[in-house]
Structures are given as C-alpha cells and as structure tokens.
Amino acid sequence: MDLLLEDLSTQDRYKFLSAVVIPRPVGLVTSKDQDGLYNAAPFSFFNVFSEEPAIVVLGLGAKHNGQAKDTLKNIKTTKQFVVNMVDKSIIGAMHICSAEVPSNESEIDYAGLTLADSQAINVQRIAQAPVSLECELFQIMELTERRSLILGKVKAIHISDEIIDPATKRIIPEKYSPIARLYGDYYAWLGDRYTKAIPTMEEIERLGIKAGDITTNS
Ligand SMILES: Cc1cc2nc3c(=O)[nH]c(=O)nc-3n(C[C@H](O)[C@H](O)[C@H](O)COP(=O)(O)O)c2cc1C
C-alpha cells in the first residue's frame with residue numbers, strides 16, 4: 001500500500017504514523033503552574049536527540065476542546081520540566097495521569113505518586129520513576145495552533161540505584177525495562193536484545209563482510 005499524506009484525514013495520519021514508528025518510549029512529564037500546582041502527563045511523541053547540547057523533544061497536541069494542554073502551559077510559564085521514564089512500578093499511575101484532569105487539580109494525587117526534589121531545577125521529579133531527566137526549556141516550536149514541539153535541555157539525570165552498576169556506571173539491562181508505546185491502546189515491553197558494533201569499512205571492503213553474515217545472537 002502506498003499512501004500520500006495529503007489524501008489522509010488527520011485521524012488516519014495519526015493511525016498510520018503512530019502504528020509504523022514503534023516502539024516509542026513514554027515520558028511521564030512533571031511540570032508545575034505559577035501557583036506551584038503539580039501536573040503529570042505521559043507523552044510518547046518523545047525522545048532524546050543529542051548529547052551536546054543534551055536535547056529531548058516532546059510533541060504535544062491540544063486538549064479535546066482545542067485548548068493547550070496543561071503541560072504546555074506550565075512549561076511556557078516556568079520554563080522547566082522533568083521527563084520521568086515509566087516502568088512496571090508506575091504503569092498504573094502513568095495511565096491515570098493521561099486522563100483529562102481539570103487544570104486546578106493534580107494528577108499526582110489521583111495517581112498516588114510521590115514527588116522528590118530535583119538536583120538542578122525547581123520542578124520535582126517522580127520519586128518512584130526509575131529514571132528522571134531534569135530539563136530546562138530550550139525552544140518551543142508552535143507547528144500549528146494545535147501542535148507544539150518542545151525542546152528541553154537536560155540539566156541533570158536521576159537514575160535509581162537498583163538499575164545501575166556503580167562500578168561500570170552502566171545501566172543493568174535486565175533491571176531496566178521502560179514501557180514501549182505501540183498504537184491505539186497497545187503497549188509492549190522490551191524483548192530480546194542482541195549486540196553488534198558498527199562495522200568498519202575494512203570489514204566491509206577488505207574482508208568482504210556481507211549483510212547475510214550479520215545475524216542477531218539473542
Ligand atoms: C501512553 C500515552 C502517550 C501519550 N502521548 C501523547 C503525546 O505524545 N502527545 C500528546 O499531546 N498527548 C499524548 N498523550 C495524551 C496526554 O497524556 C493527555 O492528553 C494528558 O491528559 C495531557 O495532560 P495535561 O493537559 O495535564 O498536559 C498520551 C497518552 C498516553 C496514555
């Protein structure tokens with residue numbers, strides 16, 4: 001099937017794009033309003049894009065009534081937010097936080113989450129999250145009235161002691177399993193892993209390594 005985007009409705013574009021680019025990580029974003037009321041909401045149009053500068057990107061749509069989501073309003077106001085990664089321990093809380101909670105109430109209370117101080121910013125992180133990225137607003141790109149890209153500069157990372165090897169400072173893969181968003185209401189966990197270093201040109205040209213010689217060893 002070949003699809004031209006100009007022929008697709010907004011709903012179908014979402015359906016196809018979100019179903020083909022999978023899995024996507026989910027960032028549970030904490031932010032606060034000018035009165036200090038905390039907001040938490042999950043976003044799967046999310047990823048890390050570079051390390052210098054250290055940039056994460058969030059893609060935000062509008063609420064059903066067309067108004068800006070609380071996360072966008074808060075980030076515009078305070079210029080800070082935390083992206084908390086989601087594993088099994090906070091999966092239920094993540095789903096509760098995706099509900100359209102009124103702006104004058106906090107998802108944190110409904111979800112039974114606990115906040116903890118951040119290291120580098122004045123917005124708190126979720127204490128139960130395995131990893132939290134403390135971000136300062138880098139740039140907002142308003143693509144349309146209903147779509148914004150938020151670029152955040154990561155100022156600090158919190159990693160739960162249980163998932164990191166203190167000697168090597170590496171994440172222990174068996175202990176870190178962030179949720180993967182698929183499409184619609186579907187989610188997944190990470191499956192088998194395999195390792196393969198980037199081939200050198202010597203391997204490809206001189207030693208004649210072929211695509212078929214590279215297999216997954218999981
Ligand atoms: C797993 C998951 C991923 C989501 N990803 C996005 C997303 O990338 N962009 C978006 O605008 N909304 C996304 N949503 C919907 C928001 O979480 C939802 O609109 C939330 O109520 C926004 O809250 P806020 O108004 O407090 O910011 C997602 C929901 C779920 C459950």
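The values are calculated or read from the model by the stated rules, or taken from the named source; none is laboratory data. Please read all numbers here as calculations on a predicted model, not as lab measurements. Here the Cβ is made from the backbone with ideal geometry for all residues, glycine too, and neighbour counts use every protein chain on show. Only protein heavy atoms, including side chains, enter the accessible area calculation; ligands, DNA and RNA are left aside. Shrake-Rupley method; radii C 1.70, N 1.55, O 1.52, S 1.80 Å.
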Legend entry - Cross-link reach list, lysines versus residue 169, counting only Cα pairs under 24 Å and skipping chain neighbours closer than eight places: 88, 153, 155, 196
Inset, instruction - Taking the convex hull of the Cα atoms, report for the stretch 5-193 its projected area averaged over all directions, in nm². - result: 11.6
Legend entry - Within straight-line cross-link reach of residue 76, aspartates and glutamates at Cα separation under 16 Å, skipping those fewer than 8 residues along the same chain: 33, 35, 134, 136, 142, 145
Legend entry - Residue-count net charge about residue 179 - beta-carbon cut-off 10 Å; Lys, Arg +1, Asp, Glu -1: +2
Inset, instruction - For the chain, with a Gaussian network of springs between Cα atoms less than 10 Å apart, report the residue from 39, 65, 122 with the top mean-square fluctuation. - result: 65
Legend entry - Tensor-based shape of the stretch 156-208 (alpha-carbon gyration tensor, a/c under 1.5 rounded, otherwise prolate or oblate): oblate
Legend entry - From phi via Karplus (6.51, -1.76, 1.60), per-residue ³J(HN,Hα) for the stretch 187-197 in Hz, x at Gly/Pro: 9, 8, 10, 5, x, 4, 10, 9, 10, 7, 6
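Net charge within 12 Å of residue 82 by Cβ-Cβ distance, Lys/Arg positive one each and Asp/Glu negative one each, not counting residue 82 itself?
On the way: positive: 32, 125, 155; negative: 117, 134, 136.
That sum, taken over residues with Cβ under 12 Å, equals 0.
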Inset, instruction - Would you mind telling me the share, in percent, of accessible area of the chain contributed by carbon and sulfur at probe 1.4 angstrom? - result: 53
